Amino acid sequence: MAIYLEAICAKIGRADRELHALRTDMENFCERQRVEQKRITRKNPDGKSADIVEAFLADSEKTPIEWSVRIGEIVYNLRSSLDHLVWQLVVDNGKNPSRKNAFPIFSEESDWENMTKDKLSGVRYEIKKRIRDLQPFGGGLGLPFNVNVFGQLDYLCNVDKHRHLNLVCTTLRGLKPEAHSGEALDAFEEKRPISRDAFQVGIKFSREKSSPVAGFVVSDILEECVDAVRGAVDHIVGRHLYRNLARRQSRRFWRGSSVGSD
């Protein structure tokens with residue numbers, strides 16, 4: 001099983017490296033975008049007028065469609081690594097996996113009870129319990145990563161495979177954290193333009209109806225997905241693998257011993 005686990009980890013590592021490259025390209029792209037500001041008069045709910053400075057992206061570049069293709073490759077490698085893991089868990093249990101085997105991701109507990117039988121057929125009971133720990137409906141209590149992101153990973157992968165590319169857009173995210181004090185804050189309070197370097201430009205998933213990722217920063221979501229998948233493999237396989245390796249080493253020891261030969 002260690003050989004196949006190495007292959008699974010290779011897929012996760014590939015996704016992580018692709019994410020790092022994509023994040024760098026997105027950051028460089030965002031640095032090139034122009035932020036403009038204008039003073040406008042806006043009426044408050046009490047009817048009084050107030051002057052404010054409004055910031056906006058001016059003639060921003062079109063986000064490369066290649067990014068959406070690369071996002072699909074990242075989420076596919078992460079999602080399929082979990083399915084591959086279930087296949088190997090069945091083999092490790094001495095059973096024959098089938099096309100129905102897959103890693104379940106459910107937001108509703110009722111779905112787990114109704115739909116998991118085939119997906120985890122042939123997997124040891126104690127491993128099934130560990131996989132259940134990772135379901136979004138359970139909240140992942142006590143785990144050092146966000147299990148809710150599995151629902152987002154599943155969504156992104158399904159959209160890319162069955163519908164269309166996951167669309168992204170360039171948006172003005174607001175002020176950089178360090179700009180909330182000093183000169184930028186003074187300019188804001190005095191209703192005068194702020195240095196364009198004080199603003200954050202980001203790449204977010206486009207707002208689609210009922211999308212669990214709509215409006216989220218692309219690199220943030222994908223980084224959480226990588227961390228969660230890595231954590232899931234460790235949570236499911238860690239102790240089980242170490243126990244099996246110890247058992248196999250013990251068997252080799254006794255086969256090589258000549259008990260009672262003295």
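From the list Asp227, Asp160, the lone residue that is closer than 26 Å to Lys129 by Cα and modelled with pLDDT of 95 or more is Asp227. Tell me, yes or no, whether the stretch 253-262 has at least one residue that is at pLDDT 80 or above and either open to solvent by 30 Å² or more (accessible area, probe 1.4 Å) or more than 21 Å from the chain's Cα centre (by Cα) (or both). No; the residues of the stretch 253-262 include none that is at pLDDT 80 or above and either open to solvent by 30 Å² or more (accessible area, probe 1.4 Å) or more than 21 Å from the chain's Cα centre (by Cα) (or both).
The residues listed here are Pro97, Pro64; of these, the one that is more than 19 Å from the chain's Cα centre (by Cα), open to solvent by less than 80 Å² (accessible area, probe 1.4 Å), of a type outside the set (S, T, N, Q) and over 25 Å from Ser121 (Cβ atoms) is Pro64.
Is it true that Leu82 is in contact (Cβ under 8 Å) with a residue 40 or more places away in the chain and under 24 Å from Cys225 (Cα atoms)? For Leu82, the condition - in contact (Cβ under 8 Å) with a residue 40 or more places away in the chain and under 24 Å from Cys225 (Cα atoms) - is met. Any idea which residue in the stretch 125-154 is nearest to the chain's Cα centre (by Cα), counting only those that are touching a residue at least 60 places away in the same chain (Cβ under 8 Å) and under 15 Å from Leu89 (Cα atoms)? Here the answer is Ile131.
The values are calculated or read from the model by the stated rules, or taken from the named source; none is laboratory data. Given the structure is predicted, the values throughout are model-derived calculations rather than measurements. All Cβ positions, glycine included, derive from the backbone under ideal geometry; neighbour counts span all protein chains shown. With ligands, DNA and RNA removed, areas are computed over all heavy atoms of the protein, side chains included. Shrake-Rupley method; radii C 1.70, N 1.55, O 1.52, S 1.80 Å.
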